[in-house]
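**Student:** One structure coming up, written as structure tokens, with questions to follow.
Just so you know, all these numbers are worked out from the coordinates, no wet-lab data involved. Here the structure is a predicted model, which is why all the values come from computation and not from measurement. As a convention, Cβ positions derive from the backbone with ideal geometry for all residues, glycine included, and neighbour counts pool all protein chains shown.
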Amino acid sequence: MTSQPASTTYPPTGELAPTPQTTLLIRNVRPYGEGEPVDIRISDGHIVEIGADIAATTDTVIDGGGQILLPGLVDIHVHLREPGREDTETILTGSQAAAAGGFTAVFTMANTNPVCDQPIIAESVWAKGQRYGICDVHPIGSITQGLAGTTLTEFGMMRQSAAKVRMFSDDGMCVANPLLMRRAVEYAAGEDVLLAQHCEEPTLTDGACAHEGAIAGKLGLRGWPRVAEEAIVARDAILARDYAGRVHICHASTAGTVELVKFAKDRDMPVTAEVTPHHLLLDDRRLETFDGVNRVNPPLREQSDTAALQQALLDGTIDCVATDHAPHGQEDKACEFNLARPGMLGLETSLAIIAKLFIETGKADWRFVAKVMSENPAKIVRLPGHGRPIAVGEPANLCIVSDNQTWTVDGQALHSKASNTPYEAMEFGCKVTHTILRGRVTYDNGTPADPRA
Ligand SMILES: [Zn+2]
């Protein structure tokens, strides 16, 4: 009789992998960047003491250097490419990139090969993440089988699997058929799962690769108009209202989407929305270089859109930041602009961008960052154990951020397997120095943890 390999049997119940029985003392950190520095003692994966000058009786001591302590970040929109494109990213390298960015939980999209449209695939993604122990990797199930947009997947079976799938999306593709989306919303309501929609009416974006505007016109690039996004946002908000399923708007990119989400929220429709760091920071002037690294879907828009998106994140119309981390190989990016695959890396630069836009400008504080990058995303997917307050008794999912460490982005030096960052050679003023997942140090000053044995 042969025993099954650990990779297929672990974790059998869908629970989290056991917490290592080590203790950790974090010295000299300021929770949320406020007040005098404190020490934090962690045991059995939880915060057990917060105070000044705690005695070092622990296995490991970290010196926080007086820096900012935040709850571990949560990203509800990444692409880790496993299974199918392990040449560009894997669950391991994606977990390490996530830890380097301050994340303790990520949700990985279903558009892998094979598509994550059944429990066995979701369970294998979940089990690998837990075995490595560097970041909680939650699989997102597809809404339709094979992302084909014709037949719904079994939300209930995936919800009840060891992976406990709590979010479904055909991201990369829009569930465009209104009757199918209506059925999905009804099914999601019954199973209490979240539907994340990639809002793109496909008949309006056929062959498009850039925001429809003056710059695309001048460059001769086929335009992707705002209405293609906004038409689906409006439709799905009304479906959510009428059939009581929770709908989440992926990567909001236009000022009109902001108005529609506000309209929906003002009327208590069960709608939430995310925005990516690149749609907050970059605009379509980037396209002048024809560099495929700037191709993304939805496309980079205009300055009036980035301004509206920034304001919407500040005032709570948009709930959270999600990176849409999308690794691609050189062969898929270093080609004609309209042939480049859409997508950009995001995990390792997102916190620096949010700090640049909101902290360094004085528009917001670190409590705001904790809210939009940890607390709100965890709430949207109803994820226990993450996005929690920094307090005694809470799970020790944390990151330490230095706000006086200038660094320059070097795609080759990122921990992701790919290097398609649009921020190459840009300088930022904030950097994650440590990440801690249930008491385990998963990132330490430039070095992500190795997978747990
Ligand atoms: Zn998408």
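**Student:** As I understand it, the value is the acute angle between the Cα axis of helix 178-191 and the longest principal axis of the Cα atoms of the chain; what does it come to in degrees, rounded to 10?
**Tutor:** For helix 178-191, the angle is close to 30 degrees.
**Student:** Can you check how the C-alpha radius of gyration of region 295-372 compares to 2.2 N^0.38 Å, as a plain ratio?
**Tutor:** In units of the globular-protein estimate, region 295-372 measures up at 1.27.
**Student:** Also: Please give the contour-minus-distance gain from Q303 to A425: 0.36 nm per residue of separation, less the Cα-Cα distance, rounded to one decimal in nm. Don't jump to the answer; show the numbers that get you there.
**Tutor:** Numbers: separation 122, 0.36 × 122 = 43.92 nm, distance 2.18 nm.
Full-extension gain reported as 41.7 nm.
**Student:** Cross-link partners among lysines for K164, C-alpha distance below 30 Å, same-chain residues fewer than 8 apart left out?
**Tutor:** K128, K265, K371, K379, K417
**Student:** In nanometres, what is the gap between the two model label sites at Q412 and E336, each 7 Å from Cα along Cα-to-Cβ?
**Tutor:** Result for the modelled spin labels: 3.0 nm.
**Student:** For the chain, what does the relative contact order come out to in percent, with C-alpha contacts under 8 Å and a separation of six or more?
**Tutor:** 20 percent
**Student:** Could you put I76, I353, I120 in order, starting from the residue whose Cβ has the fewest other Cβ atoms within 10 Å?
**Tutor:** Ordered from fewest to most neighbouring Cβ atoms within 10 Å, I76, I353, I120 come out as I120, I353, I76.
**Student:** How far is helix 119-132 tilted off the main Cα axis of the chain, in degrees rounded to 10, range 0 to 90?
**Tutor:** 40 degrees
**Student:** Could you give log10 I(q)/I(0) at q = 0.07, 0.10, 0.12 Å⁻¹ for region 72-387, computed by the Debye formula over C-alpha point scatterers of equal weight, without solvent?
**Tutor:** Calculated log10 I(q)/I(0) at the listed q: -0.24, -0.50, -0.74.
**Student:** Shifting gears a bit: Report the antiparallel proportion of the DSSP beta bridges in region 27-182 as a percent, rounded to a multiple of 5.
**Tutor:** Roughly 35 percent of the DSSP beta bridges within region 27-182 come out antiparallel.
**Student:** By how many nm would the segment from D444 to V227 lengthen if fully extended, with 0.36 nm per residue of separation less the alpha-carbon distance?
**Tutor:** Gain in length upon complete extension: 73.7 nm.
**Student:** Taking the beta-carbon count within 10 Å as an exposure proxy, list C174, C116, C335 from fewest neighbours to most. Spell out each step's value before the answer.
**Tutor:** Details: C174 21, C116 28, C335 13.
Listed from fewest to most nearby Cβ atoms, that is C335, C174, C116.
**Student:** Length gain on complete extension for the stretch D44 to L180, per 0.36 nm per residue less the alpha carbon to alpha carbon distance?
**Tutor:** Roughly 44.4 nm would be gained on extension.
**Student:** Angle, helix 255-266 long axis vs. longest principal axis of the chain, Cα atoms, 0 to 90°, nearest 10?
**Tutor:** Its long axis makes an angle of about 70 degrees.
**Student:** If Lys and Arg each add +1 and Asp and Glu each add -1, what is the summed charge of the other residues whose beta carbon sits under 14 Å from the beta carbon of R30?
**Tutor:** Summing Lys/Arg as +1 and Asp/Glu as -1 gives -4.
**Student:** Another question, if that's okay. Where Lys and Arg each count +1 and Asp and Glu each count -1, what net charge lies around E82 among other residues with Cβ under 11 Å from its Cβ? Can you show the working numbers first?
**Tutor:** Values: positive: R81, R85, K128, K417; negative: E86, D87, E89.
Net local charge, E82 excluded: +1.
**Student:** Sticking with this structure for a sec: Can you sort F337, F103 from fewest to most other Cβ atoms within 10 Å of each residue's own Cβ?
**Tutor:** Least crowded to most crowded, the residues run F337, F103.
**Student:** Let me ask another. Out of all DSSP beta bridges in region 72-387, what portion is antiparallel? Express it as a percent rounded to 5.
**Tutor:** Values: 1 of 26 bridges.
Once the DSSP bridges in region 72-387 are tallied, antiparallel ones form about 5 percent.
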